[in-house]
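The values are calculated or read from the model by the stated rules, or taken from the named source; none is laboratory data. Here the structure is a predicted model, which is why all the values come from computation and not from measurement. Here the Cβ positions follow ideal geometry from the backbone for every residue, glycine too, while neighbour counts run over all protein chains shown.
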Amino acid sequence: MKCTLTLFAMAAVPLLPATNVVAQEEEQEELTEITVTAARVANTRPITELQSRGLPEGQADVTVRGGLFENTGFKAGAVTIMDPQTGHYVAELPVDPEFLAAPELLTGIDNAIAGFNSNIATIEYAFREIEAGGDVLLGAGSDSLRFQSVRLANSAQTAAGRDIGYAMSAAFSEGEGTVRYGDHEFSRFNVLLQFGGDRRQTDFVASYQDKFYGWPGAYTGFATLPETDHTKTTLMLGNHRLEKDNGFMEFGAFYRRLEDDYDFDRTTNESGGTGSFDHETRVIAVGLRGAHTGSRLDWHYAGQLTSDELVFSTDLTEGRFTSRDYASATLAPTWTKAFAGDQEITLRFGATADWSNRDGSDVSPLLGATIRGTGRSSARYLSMEYAETSQLPGYTALNSRPAGLFGGNPDLGREKARQLMLAAGRDGESWDGKVTVFYREDDDLVDWTFATGAPFARQANAVDIDVLGIELFARWRWEDADLVASYTYLDKDADYGSAIVDASFYALNFATHRATLALRYRFAGDFELLWDNEYREQRDNPLRAGSDEALLSSLAVTWSSPGGFGLALTVDNLTDDDYQQFPGTPAVGRQLSLSAGYQW
């Protein structure tokens with residue numbers, strides 16, 4: 001298969017052998033509430049949605065519950081790895097997905113505790129324990145698509161009983177794309193060292209990723225502009241986790257450097273000056289997270305200190321600063337009481353304190369309650385929570401010149417989100433389901449806006465938006481099949497204040513109604529069929545060409561042998577729907593791919 005699409009599809013083309021498909025799919029059950037804004041590939045969880053600029057090998061945004069691309073953070077171990085230039089690159093996490101456990105989606109109070117500078121959600125990864133072995137994958141597809149990956153790993157035990165392991169990997173991908181000027185070239189290299197034993201694990205990872213992609217109207221929404229984006233990302237990260245009888249403690253640190261060369265018209269020659277859109281950013285951070293079980297209360301805590309710098313830019317030169325320090329600390333006591341009849345109630349409360357040397361500070365409360373049954377065959381629960389969060393905008397919004405396609409606004413400040421959520425659900429062996437209703441107030445949310453009469457003149461503006469959402473989710477399991485269905489309703493009421501705008505490129509680019517249906521069917525012993533379907537009714541946008549309705553489908557058939565060999569045939573965008581994920585940006589066409597892998 002082309003790739004197993006986890007959230008790394010936006011960041012690093014997860015080129016996994018076909019033999020890993022089943023495990024990856026089974027592990028992603030927690031991603032049931034995410035709306036991830038890229039082309040559908042390889043039939044992952046149908047509730048997830050990727051909104052892409054071209055193929056996932058290119059670039060895609062991540063949104064949750066009607067938020068924007070900068071409202072979702074990515075956490076590896078104890079630290080949230082961020083990009084200070086723009087949220088479009090926040091998912092540039094160049095770590096091999098095989099080094100990490102399946103992601104968990106944190107929203108509401110969980111996001112308020114563990115997140116950093118991410119108002120709506122955090123996607124959290126833990127490091128896997130290294131096992132000796134390896135795998136190799138070769139694949140090809142239509143539109144000159146070619147991809148390869150190789151991984152090697154080994155582990156040993158010292159005389160003192162400590163485990164020592166290492167893993168190395170390399171991945172490559174290239175293709176011409178389904179439209180003219182839709183090509184990409186991608187490479188990623190990883191080295192991981194791991195020390196474990198005695199309920200503790202220390203990981204050191206060094207990663208480098210080089211990604212070039214082109215797509216007409218990728219960021220501008222004007223298909224006449226053959227845009228390209230070339231990023232080079234370096235990441236050095238260390239993380240230590242200690243498990244205890246009464247909880248855990250985890251701390252980590254990272255250094256991240258990203259070089260970006262964006263061109264809105266690849267047919268012109270750059271001067272190297274203003275208008276070249278060349279940038280370099282650096283980020284260093286330390287973080288801590290843990291939980292401690294006490295006699296009366298359980299204590300959850302987290303914190304992160306981050307320092308960033310806009311090292312160089314040809315165009316982000318109009319703001320008030322090019323470096324920033326910011327910190328966040330959360331403390332959340334939890335009280336649990338068991339009652340007769342297999343019932344228990346859990347109360348969570350606390351607050352997050354955010355600080356920045358450029359934007360002042362903010363304190364955000366959180367409060368939640370859950371009543372849960374603890375029966376053996378199934379568990380029913382009812383939960384309600386209120387969570388406040390805050391974050392700061394990136395340098396593209398703050399430091400761009402005030403006029404043009406990417407007009408900046410140096411007066412933008414701290415964004416605030418206040419969310420109230422009510423959920424009821426059932427966890428069972430044969431089926432489970434969940435109903436969620438939420439209401440959120442986004443204050444001073446940074447959005448890119450314009451007037452319909454002047455679509456080339458856009459600016460980052462603060463907007464207040466009231467968001468109402470309803471989410472329905474159900475999953476059924478049989479011996480040879482799994483079926484997942486979901487439905488989401490969203491409504492937004494936006495107030496742009498005194499700004500003279502009547503159109504939004506991001507905040508109001510959402511589906512009012514969205515339904516998904518996914519089937520995984522295992523047959524003939526070693527074969528599996530994966531089928532994803534999505535129907536959506538998008539809110540009208542003056543830049544979108546074509547229909548606001550879409551029916552998207554992807555199909556894959558995989559074969560894996562007990563000896564470690566695997567094959568996968570995948571068809572993405574089976575219906576060849578021309579629906580534009582971003583208004584004015586051409587859709588990804590139908591693409592066929594075949595891959596062969598061997599795992600030992």
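Within the bounds of segment 489-502, is there any residue that is more than 30 Å from GLY139 (Cα to Cα), touching a Leu at 6+ places or on another chain (Cβ under 7 Å) and not aliphatic (A, V, I, L, M)? So far as segment 489-502 goes, yes, one or more of its residues are more than 30 Å from GLY139 (Cα to Cα), touching a Leu at 6+ places or on another chain (Cβ under 7 Å) and not aliphatic (A, V, I, L, M).
For segment 549-600, how many residues are on the phi > 0 side of the Ramachandran plot and within 26 Å of the chain's Cα centre (by Cα)? Full working, then the answer.
In the first step, residues of segment 549-600 are kept if they are on the phi > 0 side of the Ramachandran plot; the result is 564, 573, 576, 584.
Next cut, within 26 Å of the chain's Cα centre (by Cα) only: 573, 576, 584.
Within segment 549-600, residues that are on the phi > 0 side of the Ramachandran plot and within 26 Å of the chain's Cα centre (by Cα) number 3.
Comparison of THR330, THR389, THR336 shows that the only residue that is closer than 28 Å to HIS292 by Cβ, over 28 Å from the mean Cα position of the chain (by Cα) and of a type in the set (S, T, N, Q) is THR336.
State yes or no: is PHE251 surrounded by 18 or more Cβ atoms within 10 Å (Cβ to Cβ), within 28 Å of the chain's Cα centre (by Cα) and either under 21 Å from LEU93 (Cβ atoms) or among the aliphatic types (A, V, I, L, M) (or both)?
Against the criterion (surrounded by 18 or more Cβ atoms within 10 Å (Cβ to Cβ), within 28 Å of the chain's Cα centre (by Cα) and either under 21 Å from LEU93 (Cβ atoms) or among the aliphatic types (A, V, I, L, M) (or both)), PHE251 qualifies.
Taking segment 488-500 as the search range and keeping residues that are assigned to a strand (DSSP E or B) and surrounded by fewer than 17 Cβ atoms within 10 Å (Cβ to Cβ), which one is modelled with the lowest pLDDT?
Looking only at segment 488-500, we keep the residues that are assigned to a strand (DSSP E or B), and these are 488-495.
Adding the requirement that they be surrounded by fewer than 17 Cβ atoms within 10 Å (Cβ to Cβ) leaves 489, 491, 493, 495.
Numbers: TYR489: 97, ASP491: 97, ASP493: 94, ASP495: 91.
Checking each candidate, the answer is ASP495.
Looking across segment 302-333, the residues that are under 29 Å from ALA351 (Cβ atoms), crowded, with 19+ Cβ neighbours inside 10 Å and polar (S, T, N, Q) come down to GLN304, THR306, SER328, THR330.
Does segment 133-149 hold any residues that are part of a strand (DSSP E or B) and either polar (S, T, N, Q) or farther than 30 Å from ARG180 by Cα (or both), and which are they?
Within segment 133-149, the first condition is being part of a strand (DSSP E or B), and the residues that meet it are 133-141, 145-149.
Passing the criteria: GLY133, GLY134, ASP135, VAL136, GLN148, SER149.
Of all the criteria given as (1) closer than 20 Å to GLY77 by Cβ; (2) in a loop (DSSP other than H, G, I, E, B), the one not satisfied by ARG256 is (2).
Looking only at residues of segment 267-300 that are of a type in the set (Lys, Arg) and modelled with pLDDT of 95 or more, we find that the one that is surrounded by the most Cβ atoms within 10 Å (Cβ to Cβ) is ARG289.
Just one residue in the set ARG418, ARG475, ARG440, ARG458 is surrounded by 15 or more Cβ atoms within 10 Å (Cβ to Cβ), assigned to a strand (DSSP E or B) and in contact with a helix residue (DSSP H, G or I) (Cβ under 8 Å, 6 or more places away or on another chain); that residue is ARG475.
The set of residues in segment 168-187 being touching a Phe, Trp or Tyr at 6+ places or on another chain (Cβ under 8 Å) and not in a strand (DSSP E or B) consists of GLY177, VAL179, TYR181, GLY182, ASP183. Of the candidates LEU420, LEU468, the single residue that is over 19 Å from THR72 (Cβ atoms) and either touching an Asp or Glu at 6+ places or on another chain (Cβ under 7 Å) or of a type in the set (Val, Ile, Thr) (or both) is LEU468. If you go through segment 385-427 and pick out every residue that is closer than 20 Å to HIS88 by Cβ, modelled with pLDDT of 95 or more and among the aromatic types (Phe, Trp, Tyr), you end up with 1.
Determine which member of the set ASP61, ASP96 is charged (D, E, K, R) and either surrounded by fewer than 24 Cβ atoms within 10 Å (Cβ to Cβ) or modelled with pLDDT under 95 (or both).
Working: ASP96 fails: either surrounded by fewer than 24 Cβ atoms within 10 Å (Cβ to Cβ) or modelled with pLDDT under 95 (or both).
The conditions single out ASP61.
Residue pairs whose Cβ atoms lie under 6 Å apart, sitting 6 or more positions apart in sequence or on different chains, and linking a residue in segment 479-496 that is under 27 Å from PHE450 (Cβ atoms) to a partner that is hydrophobic (A, V, I, L, M, F, W, C) and assigned to a loop (DSSP other than H, G, I, E, B), are LEU490/PHE510.
Taken over segment 254-283, the residue count meeting the criterion of being farther than 22 Å from PHE116 by Cα and within 22 Å of the chain's Cα centre (by Cα) is 3. Confirm whether HIS184 is under 30 Å from PRO542 (Cα atoms) and surrounded by fewer than 17 Cβ atoms within 10 Å (Cβ to Cβ). So HIS184 fails the test. ASN357 satisfies every condition listed in (1) under 25 Å from the mean Cα position of the chain (by Cα); (2) farther than 21 Å from ALA503 by Cα except (1). Residues in segment 204-230 that are in a strand (DSSP E or B) and among the β-branched types (Val, Ile, Thr) were compared, and the one that is surrounded by the fewest Cβ atoms within 10 Å (Cβ to Cβ) is THR228.
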